[in-house]
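Chemist: The structure is given below, and queries will be raised subsequently.
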Amino acid sequence: MNAGVSLKHNFSMLLLKLFVVLACFHECLSDPQVHHKGYMLTGRETGLCMLNFTAAQSLISITSIDCWAAFAPLLANVICCPQLHATLVILVGQLSKETGVLALNRTLAKPCLSDIEQVLAGQGAGDGLNQICSIHSSNLTEASCPVKDVDEFENMVNSSELLASCEKIDPVKECCDQVCQGAISDAATRLALKASDPLSMDGPHVLPQHTTRINDCKTVVLRWLASKLDPYHAKEVLRGLTNCNVNKVCPLVFPNMKHVANSCGNGISDQTACCDAMNSYVSHLQKQTLITNLQALDCATSLGLKLQKYNITKDVYSLCHISLKDFSLQESGCLLPSLPSDATLDKFSGISFICDLNDNIPAQWPSLSLLPASSCNKTIRIPALPAATNAQSGLNTEYIVVYLLVAYSMAIMMLL
């Protein structure tokens, strides 16, 4: 929003840091390994569940930190939920090497999901991850996919071609070239055909149940891939694939904007009133979640198009100094990078994750000539700013590790 850093802002940030340190002193100075100890001792002794958590301990640790405590909802869209979904795929995929089956049966799925949540919570992850990330016991089964046996799977798909396409991906090129994604879709369609009329799976009128079946079979395909890779390598591939979809969509919910329309529509007679209304509206967006730089571009475009439907024709982004960072969680002012990343935990610094330092990039007011066709050709030029280049988005980017102890930073800001 308005350029410059005020004394009030500096004072607010000082109080914020002090508040966070005091609020989290005990938890953040505790040894992170304390959270891990409980389950590392039990291994597979978890009743009905056959998943080998001990063998995937490193993966579990990454997931628990990515979904750490109060930060889980804030990191959900970009970091926590993609990592949790990858973890489920890898756990079932690794188990298939022993069972020959790429899914859990419905009897085992429910207790296993409960065990996963308890293991993660025991290592510091937030409560209610199943709700935050929309995880259900069916995420561990074959769901509607008609194929789950490894032997049948490998007889139906070109497994060597699938592995060659996906065992190593470039997270930038894959989002545009879709080599691995295409191989996964082809394999999933072959599996889904077992329970479908082939003619009903082609053309523009594919029935909803067929789309669901193909998506369920994609999960089975991903589990097979995870069984052929070590857990960390599988995690890198799965996160890279998920990130392509994450960056395509603005995750923000836009509240009613009639107040902005009343102040800025039909020509702007009072710039101050318009910008006050705009800044107030954006402040509500800033309470939602952390987003990537590419998502911020999509959010700016989406909001701009909605405002134009309210007969706001002037570029209120430029008028009111709205930047891309204004669409992400404040007061951190952090845009996450568009490439996959994980949070880290240090007992002295707390939770940290990478932010894009070029957070004052002006938001682009949408027009027909400037609407981006895809994330592969989004380009913003920032003159006279020395920084590295993010190849996927074309954004000039420079990164910093931002340390945030486990507390919700908005709490103190709401008191100022």
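Chemist: Please give me the summed charge of the neighbours of Leu129: other residues whose Cβ is under 12 Å from its Cβ, Lys and Arg +1, Asp and Glu -1.
Modeler: On the way: positive: none; negative: Asp66, Glu117, Asp127.
Surrounding charge for Leu129 is -3.
Chemist: Moving on. With a sphere of radius 14 Å drawn around the Cβ of Val179, what net charge do the other residues whose Cβ falls strictly inside it have (Lys, Arg +1; Asp, Glu -1)?
Modeler: That sum, taken over residues with Cβ under 14 Å, equals -4.
Chemist: What dipole magnitude, in Debye to the nearest 20, does the stretch 92-168 give about its Cα centre under +1 on Lys/Arg Cβ and -1 on Asp/Glu Cβ? Let's see the in-between values first.
Modeler: Details: 5 positive and 11 negative charges, 44 e Å.
Roughly 200 debye, rounded to the nearest 20.
Chemist: Put Thr289, Thr313 in order of accessible area, largest first, 1.4 Å probe: what do you get? Before the final figure, lay out each step's value.
Modeler: Numbers: Thr289 15, Thr313 105 Å².
Of Thr289, Thr313, the descending order of accessible area is Thr313, Thr289.
Chemist: Another question about this same structure. Enter the accessible area of Arg190 (Å², nearest 10), with the probe set to 1.4 Å and all protein chains included.
Modeler: Estimated to the nearest 10 Å², Arg190 gives 140 Å².
Chemist: Using a 1.4 angstrom probe with every protein chain in place, what is the largest-first accessible-area order of Asp298, Asp186, Asp326? Kindly include the intermediate steps, with their values, before the conclusion.
Modeler: On the way: Asp298 25, Asp186 95, Asp326 5 Å².
Sorted by accessible area, descending: Asp186, Asp298, Asp326.
Chemist: Given a cut-off of 29 Å, name the pairs among Lys218/Lys306; Lys218/Lys287; Lys248/Lys314; Lys148/Lys168 whose C-alpha atoms lie farther apart than that in the structure shown. Display every interim value, and only then the final one.
Modeler: Details: Lys218/Lys306 34 Å; Lys218/Lys287 34 Å; Lys248/Lys314 26 Å; Lys148/Lys168 24 Å.
Checking Cα-Cα distances, Lys218/Lys306; Lys218/Lys287 exceed 29 Å.
The values are calculated or read from the model by the stated rules, or taken from the named source; none is laboratory data. These numbers were taken from a predicted model, which means no experiment stands behind them. Here Cβ is always computed from backbone atoms with ideal geometry, including for glycine, and neighbour counts include all displayed protein chains. Remember, those area values only see protein heavy atoms, side chains included, never the ligands or the DNA or RNA. Shrake-Rupley method; radii C 1.70, N 1.55, O 1.52, S 1.80 Å.
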